[in-house]
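K.L.:
Take a look at this one; I'll ask things after.
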Amino acid sequence: MSVLVYTENWDGKFKKVTFELVSYAQEIAKKLGTSVVALSIGNVNDEQLKALGNYGATKVLNVQDDKLKWLNNQAYTSVVAQAVAKENANVIIFAHNNSGKAIASRLSVRLKAGLATGATAVPSSFDPFTVTKKVFTSKALGNIVIKTPVRIITLLQNAFGLIESKVEVAVEAFQPEVKDSELKTVVKEVNKITGKILLTDAEIVVSGGRGMKGPENWGPIEELAALLGAGTACSRPVSDEGWRPHDEHTGQTGKVIAPNLYFACGISGAIQHLGGISGSKCIVAINKDPDAPIFEAADYGIVGDVLKVLPELIAAVKELKAQ
Amino acid sequence: MKILICISNVPDTTTKIKFVNNNTAFDIAGVQWIINPWDELALTRALEIKDAQPGIIENITVVNVGLIDSEPTIRKALAIGADAAIRINAEPKDTFFVASQIAEVVRKESFDIVICGIESSDYNGAALGGMLSEMLDLPSVSAVSHLDVVNGAVELKREIDGGQETVATQLPFIAIIQKGIAKDARIPSMRGIMTAKSKPLTAVEPIAADLLTEFVGFDLPKPKAACKKIDPDNVRELVNLLHNEAKLI
Ligand SMILES: Cc1cc2nc3c(=O)[nH]c(=O)nc-3n(C[C@H](O)[C@H](O)[C@H](O)COP(=O)(O)OP(=O)(O)OC[C@H]3O[C@@H](n4cnc5c(N)ncnc54)[C@H](O)[C@@H]3O)c2cc1C
Ligand SMILES: Nc1ncnc2c1ncn2[C@@H]1O[C@H](COP(=O)(O)O)[C@@H](O)[C@H]1O
């Protein structure tokens, strides 16, 4: 038996969440008395593959196949299913992101294995196998029992964190069968946003809402983000108005993120917005309305004009960095 | 072209979440029910295409797995503009079970495009579309943020972490959509509400299917400590706290 992790890379480097998944899998494997096997699809160098051993993976299945250059839900599911069979895996871990959700759900049917999505912690019980997951867009938690012998979990990003536990890791080339009949979707074009921190990977996020008044005022948000090595985000009306690109929209209908630190600048804190950011470890709110609901979710708050506060905040951060 | 849109019946997004029966069931007292926001956008987009290119889409059907109390929500979908509706008379307790029911509908009556939302805003399964595709052995494209029909071919864009891909697919297929697909959800017109009454809403009995999971209890998150307010004339104090107290910068 084993715990299998579906890893994800970005331009040949593992995403931060991959190391979190391996850490999480290691915790489960310890409880089950088994070991962690990671599956990597794509061009990832040996050094990166070995780095999975720092978090407890004892084996890495390395798949390199031109047919798998782009995510294809059906073909990828088939590859994971073959890895599950080879490693006799009884728990399979994915990230709760677009690709993780897409493959985990198909795999659930392929293996007839129960699925718990958006898990926030390691299973609270192994018999019955009980997982705590977000429900009602993070307004509550649900305890879900998986009744099948093979179990699939998608882990909410940043919910578990990284735990180092260095082990000897073996990298093994793996060549699963890829049927043409499963390659019915084709990626024609890719538009990558380059030079920006992946919002879902960012430790710090600086986000602006309608209180920023207009796209011309985003300079300080970008400057603060650059200073802190942070990603930038926005509320839904801001992206709907075209002030900012859609991929920055956070909230119930946008991206769900859980950075360590989230700056909400001129954001009212509507329940739908909070659904996407309430998992943040620390929330800072800057809003001129002392009764804005964002202050109920925030850890630190400044009641004031964001257009005045931001430049001062930038100056103060620069001072700190200069020390 | 025939389109099937899966709609789930969920509490309004501003609902205060509470649980009853010793925290084992969601408290439905006083709850307003709506079409799951993504499903509403999917329907809106299908109607936009239908209106813009007459003759391309001959039928838009919505399907819901739910008990009789989800009918007002289904009627709303008809009032917005769907042509027909199917309700499978069962409580949607487990996503595998729900997918099995919808798969049966698609096996009986073929559709060119089946659309699901990326997740239901109640139990956040985020799995139905994928499960359905696998049951029907159909290709699926997930996180679709743009869908159009151009010269008879489907044009799709999907969101990936840090970018966007343009994807081509064979029909039939399953589109798992997210926001961006349509700007604002359509609201029913007076005429729509009137005609909805005469549109077909067929209730069918469920087939036997397994439940792979079961919710056994719920918890509300622990209340947060009160927000520490910082004087707007002393922004430096915020940086100081973030550095020394929270140790985050
Ligand atoms: C089904 C549904 C789904 C939704 N999904 C999302 C979602 O995913 N994400 C999302 O963000 N929203 C979502 N919304 C919209 C949400 O309800 C709010 O309308 C939205 O979040 C408000 O954005 P905002 O805070 O930027 O703007 P507003 O609500 O207009 O708030 C602006 C804030 O800025 C403050 N302000 C104004 N001027 C200044 C100033 N000079 N200095 C400081 N503060 C100032 C104001 O006091 C106010 O609190 C959804 C809504 C629905 C119905
Ligand atoms: N009971 C249901 N009836 C019909 N469609 C559903 C139902 N539940 C979920 N769906 C569809 O599946 C999508 C994802 O839901 P879920 O996987 O439950 O989070 C929704 O956006 C709907 O399109």
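K.L.:
Less than 13 Å from a label point 7 Å out along the Cα-to-Cβ axis of B:ASP83: which backbone N atoms in the range B:187-212 qualify, by residue?
P.N.:
B:200
K.L.:
Consider a paramagnetic label point 7 Å from the Cα of A:GLU189 along Cα→Cβ; state which residues of the range B:153-197 have an amide N under 19 Å from it.
P.N.:
Counting only backbone N, you get B:153-170, B:180-182.
K.L.:
About the Cα centre, and with charges only on the beta carbon of Lys, Arg (+1) and Asp, Glu (-1), how big is the dipole of chain A? Nearest 20 debye, please.
P.N.:
In debye, rounded to 20, chain A gives about 860.
K.L.:
So if I take the centroid of the Cα atoms in the range B:172-249 and the same for the range B:1-77, what is the distance between those two points in Å?
P.N.:
Using only Cα atoms, the two centres lie 14 Å from each other.
K.L.:
Which residue, chosen from B:ALA52, B:LEU138, A:ASN72, occupies the Cα position most advanced towards the positive end of the dipole of the protein assembly as shown, where the dipole is computed from +1 (Lys, Arg) and -1 (Asp, Glu) charges on Cβ about the Cα centre?
P.N.:
Sorting the options by dipole projection puts first B:LEU138.
K.L.:
What distance in nm separates the two pseudo spin-label positions at B:MET194 and A:VAL167, each 7 Å out from Cα along the beta-carbon direction?
P.N.:
Once both label points are built, they end up 7.0 nm from each other.
K.L.:
Explain nothing, just the number: relative contact order of chain A, from Cα pairs under 8 Å at least 6 residues apart, as a whole percent.
P.N.:
14
K.L.:
Expressed as a whole percent, how much of the Cα-Cα distance distribution for the range B:158-201 exceeds 12 Å?
P.N.:
77
K.L.:
Test of understanding: express the Cα radius of gyration of the range B:97-176 as a ratio to 2.2 N^0.38 Å, with N the residue count.
P.N.:
1.11
K.L.:
Using a simple charge model, +1 on the beta-carbon of Lys and Arg, -1 on the beta-carbon of Asp and Glu, nothing else, what dipole does chain B show about its Cα centre, in debye to the nearest 20?
P.N.:
Dipole of chain B, to the nearest 20 debye: 640 debye.
K.L.:
Here's something else I'd like to know. Using only the alpha carbons of the range A:2-182, what is the convex hull's orientation-averaged projected area in square nanometres?
P.N.:
Averaging across all directions leaves 9.5 nm² for the Cα convex hull.
K.L.:
Here's something else I'd like to know. Would you kindly calculate the translational diffusion coefficient of the range A:204-322, applying Stokes-Einstein with the Kirkwood radius from alpha carbon pairs, for 20 °C and a viscosity of 1.002 mPa s, and quote it in µm² s⁻¹ without decimals?
P.N.:
This corresponds to a translational diffusion coefficient of 155 µm²/s.
K.L.:
Find which of B:TRP38, B:ALA82, B:GLY66 sits farthest along the positive direction of the dipole of the range B:1-120, computed with +1 on the beta-carbon of Lys and Arg, -1 on that of Asp and Glu, about the Cα centre.
P.N.:
B:GLY66
K.L.:
Quick one: the Cα spread of the range B:11-117 along its three principal axes, in angstroms, biggest first?
P.N.:
So the three principal-axis extents are 53, 29, 20 Å.
K.L.:
Near B:LYS157, which lysines are there with a Cα under 18 Å away, not counting those fewer than 8 places off in the same chain?
P.N.:
Qualifying lysines at Cα under 18 Å: A:LYS69, A:LYS101, A:LYS184, A:LYS188, A:LYS192, A:LYS255, B:LYS179, B:LYS183.
K.L.:
Once you've got the GNM for chain A with C-alpha springs shorter than 10 Å, pick whichever of A:ASP289, A:ASP66, A:ASP305 has the biggest mean-square fluctuation.
P.N.:
Among A:ASP289, A:ASP66, A:ASP305, the largest mean-square fluctuation in the Gaussian network model of chain A belongs to A:ASP66.
K.L.:
If you split all Cα-Cα distances of the range A:71-158 into 5 Å bins from zero, what percentages do you get per bin, shortest first?
P.N.:
3, 15, 26, 25, 18, 9, 3, 0
K.L.:
Any chance you could give the angle, 0 to 90 degrees and rounded to 10, that helix A:219-228 forms with the longest Cα principal axis of chain A?
P.N.:
That works out to roughly 50 degrees.
K.L.:
Which value, in debye to the nearest 20, describes the size of the charge dipole of the range A:17-81 about its Cα centre when Lys and Arg Cβ atoms bear +1, Asp and Glu Cβ atoms bear -1, and nothing else is charged?
P.N.:
Approximately 180 debye in magnitude.
K.L.:
With each run of n ≥ 4 DSSP H residues scored as -39500 (n - 2.57), what mean residue ellipticity at 222 nm is computed for chain A after dividing by its residue count and rounding to the nearest 500 deg cm²/dmol?
P.N.:
After summing the helix terms and dividing by the residues of chain A, the value is -8500 deg cm²/dmol.
K.L.:
Shifting gears a bit: Provide, in order from the shortest bin, the percent of all Cα-Cα pairs of chain A in each 10 Å bin, continuing until the bin that contains the maximum pair distance.
P.N.:
Calculated over all Cα pairs of chain A, the distribution is 6, 25, 30, 23, 13, 3, 0 percent.
K.L.:
Taking the beta-carbon count within 10 Å as an exposure proxy, list A:TRP10, B:TRP38 from fewest neighbours to most.
P.N.:
Going from least to most buried by this count: A:TRP10, B:TRP38.
K.L.:
Let me ask something else about it. Can you give the Rg and Dmax of the range B:134-249 based on its C-alpha atoms, in angstrom?
P.N.:
Over the range B:134-249's Cα set, Rg and Dmax evaluate to 24.9, 66 Å.
K.L.:
Using a Gaussian network for chain A with springs between C-alpha atoms less than 10 Å apart, which of these wobbles most: A:VAL186, A:VAL256, A:VAL63?
P.N.:
Answer for the Gaussian network model of chain A: A:VAL186.
K.L.:
Here is a further query. What angle, in degrees between 0 and 90 and rounded to the nearest 10, separates the Cα long axis of helix B:37-52 from the longest principal axis of the Cα atoms of chain B?
P.N.:
40
K.L.:
Can you give me the convex hull volume of the Cα atoms of the range B:25-82, divided per residue and expressed in Å³?
P.N.:
90
K.L.:
How big is the Rg/Rh ratio for the protein assembly as shown, C-alpha atoms only, Rh by Kirkwood, two decimals?
P.N.:
Radius of gyration relative to Kirkwood radius: 0.96.
K.L.:
Hey, another quick one. Given the options B:PRO54, B:PRO172, B:PRO200, state which has the largest fluctuation in a GNM of chain B using a 10 Å cut-off (strictly under) for Cα springs.
P.N.:
Among B:PRO54, B:PRO172, B:PRO200, the largest mean-square fluctuation in the Gaussian network model of chain B belongs to B:PRO54.
K.L.:
In Å, the Kirkwood hydrodynamic radius of the range A:199-265 over pairs of distinct alpha carbons?
P.N.:
It is 11.6 Å.
K.L.:
Further, regarding this structure: Toward the positive end of the charge dipole of chain A, about the Cα centre and with charges on Cβ (Lys, Arg +1; Asp, Glu -1), which of A:GLY211, A:LEU141, A:LEU313 goes farthest?
P.N.:
A:LEU141
K.L.:
Could you grab the Rg to Rh ratio for chain B? Cα atoms only, Kirkwood for Rh.
P.N.:
Over the Cα atoms of chain B, Rg/Rh equals 1.06.
No value in this document is a laboratory result; all are computed from the given coordinates. Here the structure is a predicted model, which means the values were calculated and not measured. All Cβ positions, glycine included, derive from the backbone under ideal geometry; neighbour counts span all protein chains shown.
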